[in-house]
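A short worksheet on the structure shown next.
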Amino acid sequence: MKVAIVGLPQSGKTTLFKALVGQEIPLSIEKENIADVKIFDPNIVLLSNVFKPKKTTFATMTFVDLPGIPSGIEQAKRRNEILSSIRQFDALITVVDNFSKDDVETDLKIFESDLILLDLDVVEKRLEKLKKEKLTPDKALEQKTLQKFKDALYNEVPLRNLDLTEEEKLSTKSFGLFTLKPTLFVININEEKIPKRSEIKENLRQKFNYKETEFAVIPVLLEEEISKLSNEDEKREFLNSYNLEKEAINEVLDLTIMNLLHLNVFYTVGEDEVRAWLFEEGLNAKKVAGKIHSDIERGFIAAEVISYEDFKSVNFSFKEAKAKGLLRIEGANYIVKNKEIVHFRFNV
């Protein structure tokens with residue numbers, strides 16, 4: 001899964017990227033900045049303390065900081081180049097400047113309108129081509145779906161707000177339409193606006209009440225400074241000085257991964273490695289096994305499963321879990337749930 005961080009120049013998007021990465025890395029203004037960001041999980045810490053493995057691996061997500069999107073007619077070519085690169089990503093984080101200006105709503109509307117116009121251009125061109133082609137059942141579905149898209153876009157509704165069947169999504173997936181992508185708007189505030197975070201967020205939610213859309217109101221520069229601190233006491237003291245309870249950067253990760261991309265996590269444990277893995281919500285055990293290796297999916301026999309909380313309740317003892325019937329054997333079609341510990345049996 002890849003998530004693009006986009007925004008106007010000087011909006012704070014690269015600062016957000018640095019806060020997510022949490023370490024110094026070479027950065028470019030003209031090119032993409034790419035990093036796999038570790039998803040901190042306290043469950044992995046506890047499991048590692050129990051199993052004392054040779055290796056502990058947190059789940060990761062790829063974030064890409066795109067160059068700032070320039071405005072103005074003279075920058076149209078460069079703007080379209082940057083926007084076109086968004087098609088390859090699974091979700092967007094759009095950073096909006098609310099530290100040097102107060103009118104966030106206008107910037108949001110302009111950004112959404114630009115993407116709506118780009119999507120409309122793609123949809124209309126494809127519909128024109130379909131008129132000249134023989135309509136197979138697949139193309140008829142594509143045409144019907146694209147007409148639905150066209151109607152929504154003409155009414156300035158982002159496509160992620162539509163109720164689509166899996167067949168409709170699949171028939172139009174190759175277009176990489178911008179407004180279909182789940183979007184997190186990060187409202188970048190200054191220190192003075194910290195007490196108004198909830199108010200700003202609620203106001204925007206009411207005015208931009210779209211599906212697959214989230215808002216996070218964050219003092220991005222402060223978060224980047226916090227990310228440089230390795231000592232937990234120093235972090236706590238820094239947060240207290242600004243009346244902040246906790247780091248807000250984790251909110252970006254949680255909203256992006258769990259709410260927008262609908263991802264869950266499962267754990268594998270043992271003396272060699274304790275590891276967290278991300279997977280799409282609703283996947284069955286056989287498909288989840290493929291997240292580890294295609295051979296495990298191909299040779300799947302069964303999955304031994306226990307929820308993290310059940311495992312914790314028996315002091316992380318597999319023996320006691322079996323005795324209490326908490327450790328289950330599940331087949332290929334079992335839908336793996338969030339935060340389960342899974343051991344796959346397979347034979348290739």
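The values are calculated or read from the model by the stated rules, or taken from the named source; none is laboratory data. Bear in mind the structure is a predicted one, so any value in this text is a computation, not a measurement. Cβ coordinates were reconstructed from backbone atoms using ideal geometry, including for glycine residues, and neighbour counts include every protein chain displayed. For accessibility, only protein heavy atoms count, side chains too; no ligands or nucleic acids. Shrake-Rupley method; radii C 1.70, N 1.55, O 1.52, S 1.80 Å.
Worth a mention:
- Listed cross-link partners LYS286/LYS324; LYS173/LYS196; LYS169/LYS312; LYS196/LYS337 are compared with a 29 Å cut-off, the Cα-Cα value being larger for LYS173/LYS196; LYS169/LYS312; LYS196/LYS337.
- Of LYS109/LYS193; LYS77/LYS211; LYS31/LYS125, those spanning more than 28 Å from alpha-carbon to alpha-carbon: LYS77/LYS211; LYS31/LYS125
- Fraction of accessible area attributable to carbon and sulfur, the chain (%, probe 1.4 Å): 49
- Derived scalar couplings ³J(HN,Hα) [region 264-271; Karplus, 6.51 cos²θ - 1.76 cosθ + 1.60; whole Hz; x for Gly, Pro]: 10, 10, 10, 10, 10, 10, x, 6
- Ranked packing of 122-132, 284-294, most packed first, by mean Cβ within 10 Å: 284-294, 122-132
- Overall form of region 227-348 per C-alpha gyration tensor (a/c, 1.5; a/b vs b/c): prolate
- Solvent-accessible surface ranking, highest first, for THR106, THR94 at 1.4 angstrom: THR106, THR94
- The GNM of the chain, with springs linking C-alpha atoms under 10 angstrom apart, assigns the highest mean-square fluctuation among PHE178, PHE51, PHE279 to PHE51.
- Taking all protein chains into account, the per residue accessible area for the chain stands at 54 Å² (1.4 Å probe).
- At full extension, ASN155 and GLU271 could sit 36.1 nm farther apart than now, given 0.36 nm per residue minus the alpha carbon distance.
- Using θ = phi - 60° in the Karplus curve 6.51 cos²θ - 1.76 cosθ + 1.60, the 3J(HN,Hα) couplings for region 91-105 round to 7, 10, 10, 9, 8, 10, 6, 10, 9, 10, 9, 9, 8, 5, 4 Hz; x is entered for Gly and Pro.
- Of all DSSP beta bridges in region 1-123, antiparallel share, percent nearest 5: 40
- Spatially, region 306-337 and region 1-62 are offset by 30 Å when compared through their Cα centroids.
- Rounded to the nearest whole Hz, the Karplus-based 3J(HN,Hα) values (6.51 cos²θ - 1.76 cosθ + 1.60, θ = phi - 60°) of region 321-337 follow the sequence 4, 5, 4, 8, x, 8, 8, 10, 9, 10, x, 4, 8, 5, 7, 5, 9, with x at glycine and proline.
- Take each peptide in 318-330, 246-258, 150-162, count the other Cβ atoms within 10 Å of every residue, and average; sorted highest first, the result is 246-258, 150-162, 318-330.
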